[in-house]
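Asks: Sharing a structure, written as structure tokens. Questions coming.
The values are calculated or read from the model by the stated rules, or taken from the named source; none is laboratory data. Being a predicted model, the structure only gives us computed values, none of them experimental. These accessible areas exclude ligands, DNA and RNA; they are computed on the full protein's heavy atoms, side chains included. Shrake-Rupley method; radii C 1.70, N 1.55, O 1.52, S 1.80 Å.
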Amino acid sequence: SITVVPGDIHVAHGDGMVAAVGALRAMWIIARKIAVMPLISAAVVLVFGTLTIVLQDDHFIKLKPTLVNALFGIALLGGMMLNKPLLPYVLGDVFHIDAEGWRKLTIRWGIFFIVMAVLNEGGWRSVSPDTWVAFKTFCYSPITFGFTQLHAPLLTTPAVAP
């Protein structure tokens with residue numbers, strides 16, 4: 001069983017803030033540019049991490065994944081409603097797929113982010129802090145990795161020239 005002590009979760013979140021800044025720095029050193037999604041994620045980590053540590057209130061840590069996922073989901077689905085799929089702007093340098101592929105990918109990831117936001121929100125409000133931390137630690141990444149792997153065929157299909 002994992003035991004969560006408030007001081008420990010605050011220290012861990014401080015470490016996460018340092019790691020987020022380190023990741024952005026590494027991106028800049030390697031690519032001389034920083035992608036939008038990691039930048040937004042790091043900004044939210046820094047804001048919510050600061051609030052968590054200064055106010056000594058772990059609610060901010062628990063809300064952060066809900067807000068980040070909801071923000072990404074709403075942005076992706078909102079872009080689709082405006083006929084502006086946003087994923088090509090974020091991933092277009094990495095994956096070259098046709099417009100229909102981008103549409104499918106954007107809708108699927110938008111829905112995925114909303115589902116993960118709802119799952120996090122329901123989770124932290126209904127289970128013990130130990131169980132929530134265990135889910136975030138041992139389940140969240142494998143779920144995201146598995147969802148990503150389901151889209152490998154779409155991402156490896158070459159785009160058809162118009």
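Asks: Could you state how much accessible area Glu121 has, in square angstrom rounded to the nearest 10, with a 1.4 Å probe and all protein chains kept in place?
Replies: Counting only protein heavy atoms, the figure is 40 Å².
Asks: Please give the per residue accessible area of the chain, computed with a probe of 1.4 Å over protein heavy atoms only, in Å².
Replies: Spelled out: the 1.4 Å probe surface of the chain, per residue, equals 60 Å².
Asks: Sorted by accessible area (1.4 Å probe), largest first, how do Phe113, Phe135 line up? It would help to have the intermediate numbers written out before the result.
Replies: Details: Phe113 25, Phe135 55 Å².
Largest to smallest exposure gives the sequence Phe135, Phe113.
Asks: OK, next. Angle, helix 99-126 long axis vs. longest principal axis of the chain, Cα atoms, 0 to 90°, nearest 10?
Replies: On a 0 to 90 degree scale, this one is about 10.
Asks: Can you work out the Karplus-derived ³J(HN,Hα) for every residue in the stretch 140-156? Use 6.51 cos²θ - 1.76 cosθ + 1.60 with θ = phi - 60°, whole Hz, and x for glycine or proline.
Replies: Listing the rounded values in order: 4, 5, x, 5, 5, 4, x, 4, 4, 5, 4, 9, 4, x, 5, 6, 9 Hz.
Asks: What is the percent carbon and sulfur in the accessible area of the chain, measuring with a 1.4 Å probe over the protein chains and ignoring ligands?
Replies: The C+S portion of the solvent-accessible surface of the chain is 72 percent.
Asks: Still on this structure: Hey, how many Å between the Cα centroid of the stretch 116-130 and the Cα centroid of the stretch 19-45?
Replies: Their Cα centres are 27 Å away from one another.
Asks: Sticking with this one: What accessible area, in Å² to the nearest ten, does a 1.4 Å probe give for Lys136?
Replies: Per-residue accessible area (Lys136): approximately 50 Å².
Asks: Spelling out what I want: for every residue of the stretch 45-61, take phi, set θ = phi - 60°, compute 6.51 cos²θ - 1.76 cosθ + 1.60 (Karplus), and round to whole Hz; glycine and proline get x.
Replies: Values, residue by residue: 4, 5, 5, 6, x, 4, 4, 4, 6, 5, 8, 6, 10, 6, 4, 5, 5 Hz.
Asks: Give the accessible area for Asp58 in Å² (nearest 10); use a 1.4 Å probe, count only protein heavy atoms, and leave out ligands, DNA and RNA.
Replies: 40 Å²
Asks: Next up: Lys33: which lysines have alpha carbons under 26 Å from its alpha carbon, excluding same-chain residues fewer than 8 sequence positions away?
Replies: Hits, sequence-local ones excluded: Lys64, Lys84.
Asks: In what sequence, largest accessible area first, do Val127, Val94 appear using a 1.4 Å probe?
Replies: Descending accessible area places them as Val94, Val127.
Asks: Right, next: Relative to the first principal axis of the alpha-carbon coordinates of the chain, what is the inclination of helix 6-31, with its axis defined by its Cα atoms, in degrees from 0 to 90 and to the nearest 10?
Replies: 30 degrees
Asks: Hey, what do the phi angles of the stretch 72-89 turn into as Karplus ³J(HN,Hα) couplings, whole Hz, using 6.51/-1.76/1.60 and θ = phi - 60°, x for Gly and Pro?
Replies: Per residue, the Karplus-derived 3J(HN,Hα) values read 5, x, 5, 4, 5, 5, x, x, 5, 5, 9, 6, 10, x, 8, 4, x, 5 Hz.
Asks: Ignoring ligands, DNA and RNA, how do His151, His59 rank by accessible area with a 1.4 Å probe, largest first?
Replies: His59, His151
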